[in-house]
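Comments concern the structure below.
None of the figures in this text is laboratory data; all of them are computed from the coordinates on show. All values derive from a computational prediction rather than experimental measurement. Ideal geometry is used to build each Cβ from the backbone, glycine not excepted, and the neighbour counts take in all protein chains shown.
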Amino acid sequence: MMKSTGFARSGDKSNSEFFEIYLERLLEQRDHSGLTDMIGSIEALMITVEPGNSIKYIEELSLMTPYHYLVTLDAPKHLTHILRIDMNSPDILLREVKNPDYYDIFRSLNDLYPAGMQRPHSRYLGEILRVSDREHVLELQQAREFRFFSPESLATLDLPSNVSISKPSPYTHNVVGYMERTTDEARVYHPLGKCSILPRVQDAYEKAKELQAALNISDLILPIDHLATRVYSQNREAALLEYLALSSYYYWGSYDIVDQNSSTNVCKSVRNVPESASPAKVFTANNLPYCVNHLDRLPSPTETFVRNFGARLHHIALSVKDGERGNKENIEFVVEAIANQGKGFLLDVVGSREAGLKQVFSQASEYSALIIEYVQRYGDFQGFFTRENVALLTEAAGTQEVNITHPTTPPTTSD
C-alpha cells in the first residue's frame with residue numbers, strides 16, 4: 001500500500017486547524033481505500049478554444065513548447081486535436097468548438113465573468129489521470145460523494161467515452177478524468193469521431209517546428225513542470241483537499257507571498273516520478289478576500305484575476321534545460337528567441353544561479369488566455385520556486401488584471 005503522509009513539509013503559510021486535521025484523515029483514508037495505488041500520473045490536459053482558433057494556437061504551442069501535432073478527431077460539435085511529446089508526458093487535447101453559438105456547462109462558467117465572456121468557449125477544462133481500475137475508482141469516488149458526468153452527457157459534450165470525468169469543481173471550476181491504461185498500452189480517446197491528419201494543421205505545425213529548430217531552441221524546452229490554478233481566498237484549503245481526494249498527490253506545502261497579498265500552494269505526486277511525467281499542481285489564492293481589501297488597500301492580483309476570469313488555470317510552466325547557449329543562460333536564450341518572433345513577456349527573466357532557478361511569464365495567449373511560464377533550475381536544486389521570484393511573477397501578471405478592471409482603452413480579446 002502506498003503511503004501519502006509523512007512527506008517533509010515546505011513553506012511558511014499557516015493553515016487552519018480544520019485543514020490540518022482533514023488533510024491527515026483524507027490521505028490516510030485514500031491510502032487505505034486503495035485509491036492512491038490505483039490512481040496514477042496525469043495522462044492529458046483538456047483545453048477548449050474558439051471556432052477558428054485551434055490552428056493558430058497549435059502553431060503557438062509548437063513554437064513555445066515541445067508538443068507535436070499528432071492527429072485530429074472530428075466529432076459533431078468539436079474538432080479535437082491531439083498534441084503529444086511522448087508517452088512519458090501528458091498529452092494535450094485541444095478542442096475547437098465548431099459553432100460559435102454552441103452552449104454547454106463550460107461556456108456557462110465563462111459567461112459569469114467579464115473577461116471570461118470575451119472568449120466564451122476558451123478555457124482549460126482539467127486533467128485526465130491514468131488509473132488501473134476505472135470502474136472501481138469511479139465506484140469509490142462516487143461513494144465519497146464526488147459527482148461525474150453520465151456516459152450520455154459525455155457523448156453530448158464530445159468528451160471521450162473511455163474516460164470517467166467529474167463535474168466541474170465548485171472551487172476551481174476544473175474537472176478530473178480517469179482513464180484506464182497499462183503502461184504498455186497506447187493512449188487513445190474514443191469515440192471522438194473520424195481520425196485524420198488535417199493538412200492545414202500539419203502545415204502550421206511543421207512551419208512552427210522548422211522555426212523552433214532554426215532558432216536553435218528545440219532541445220532546450222522540456223515538458224511541463226507544473227500547472228497553476230487561481231482560486232478565491234476562501235476556497236484555498238477546500239481546493240487543495242478536493243484535488244488530493246481525486247488524485248494520488250500529496251500536500252508539498254504553501255508559501256505566504258505577503259507583498260502580493262497571496263499564497264502559493266503546491267501538491268505533488270506521491271510516486272517517485274519527475275514533474276515531466278506528472279506535473280505538480282499549484283493553487284494560488286489571495287490572503288484577504290476582495291470584499292475587505294478596500295480597508296487595507298493591499299495588492300490583489302490573484303483575486304482580481306478570479307473575479308474577471310473565474311477560478312481557472314492561470315499558467316502552464318515548462319522546464320528549460322540547464323546550461324548556456326550563445327553566451328546566455330538557456331532560459332534567456334529561449335525567451336529572446338521567442339520574443340524576437342513577436343511573442344511578448346510580462347517581465348524580464350527573474351532569479352539567479354545563486355538562488356537556484358530563474359523564471360519568466362509570457363503574455364497570456366490570445367487563443368486560450370493561458371500564460372506560458374519557463375523555469376530553469378541549476379544543478380541539483382530541488383526547490384520548487386523562491387519567494388522573491390513568485391512575488392515578482394505575481395506582480396507582473398497582476399498588471400493584466402488591473403488593466404481588465406480599470407481599462408484605459410476599450411478591452412480587446414488579447415487582453
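Placing unit charges on the Cβ atoms of the charged side chains and taking the dipole of the stretch 37-197 about its Cα centre, the candidate lying farthest along the positive direction among Val49, Leu79, Ser150 is Val49.
Under the combined filter of DSSP loop state and at most 16 neighbouring Cβ atoms within 10 Å, the stretch 1-57 retains these chymotrypsin sites (Phe, Trp or Tyr not before Pro): Phe7. Looking at the stretch 213-405 alone, DSSP beta bridges between its own residues are antiparallel in about 75 percent of cases.
Can you show me the helix-derived [θ] at 222 nm for the chain, built from DSSP H runs with n ≥ 4 at -39,500 (n - 2.57) apiece and divided by the number of residues, rounded to the nearest 500.
On the way: 12 runs with 126 residues, N = 415.
Value at 222 nm, helices only: -9000 deg cm²/dmol.
For the chain, the longest piece that avoids every one of the GluC sites (Glu not before Pro) found in DSSP loops with at most 15 other C-beta atoms within 10 Å covers 186-353. Classify the chain as rounded, prolate or oblate from the Cα gyration tensor: take a ≥ b ≥ c as the square roots of its eigenvalues, call it rounded if a/c is under 1.5, otherwise prolate when a/b beats b/c and oblate if not. The shape class here is rounded.
Express as a percent, rounded to the nearest 5, the fraction of DSSP beta bridges in the chain (both residues included) that run antiparallel.
70 percent
For Asn287, nonlocal amide neighbours, meaning residues 5 or more places apart or on other chains whose placed amide H falls under 5 Å from its own, are Ser262, Ser263. Legend: ranking of residues Leu45, Leu215, Leu246, Leu94 from fewest to most surrounding C-beta atoms inside 10 Å; resulting order Leu215, Leu45, Leu246, Leu94. Each of Lys281, Lys209, Lys268, Lys194 has some number of other Cβ atoms within 10 Å of its Cβ, and from fewest to most they run Lys194, Lys209, Lys268, Lys281.
So which of Lys167/Lys194; Lys194/Lys281; Lys321/Lys343 end up more than 31 Å apart, counting from Cα to Cα?
On the way: Lys167/Lys194 26 Å; Lys194/Lys281 33 Å; Lys321/Lys343 20 Å.
Long pairs (Cα-Cα over 31 Å): Lys194/Lys281.
Taking each residue as 0.36 nm, the span from Asp74 to Thr156 lengthens on full extension beyond its C-alpha to C-alpha distance by 28.1 nm.
Each of Ser16, Ser254 was scored by other Cβ atoms within 10 Å of its Cβ. Listed from fewest to most, they are Ser16, Ser254. By the combined test of axial Cα extent (at least 27 Å) and Kyte-Doolittle hydropathy (mean at least -0.5), none of the DSSP H helices of the chain qualifies.
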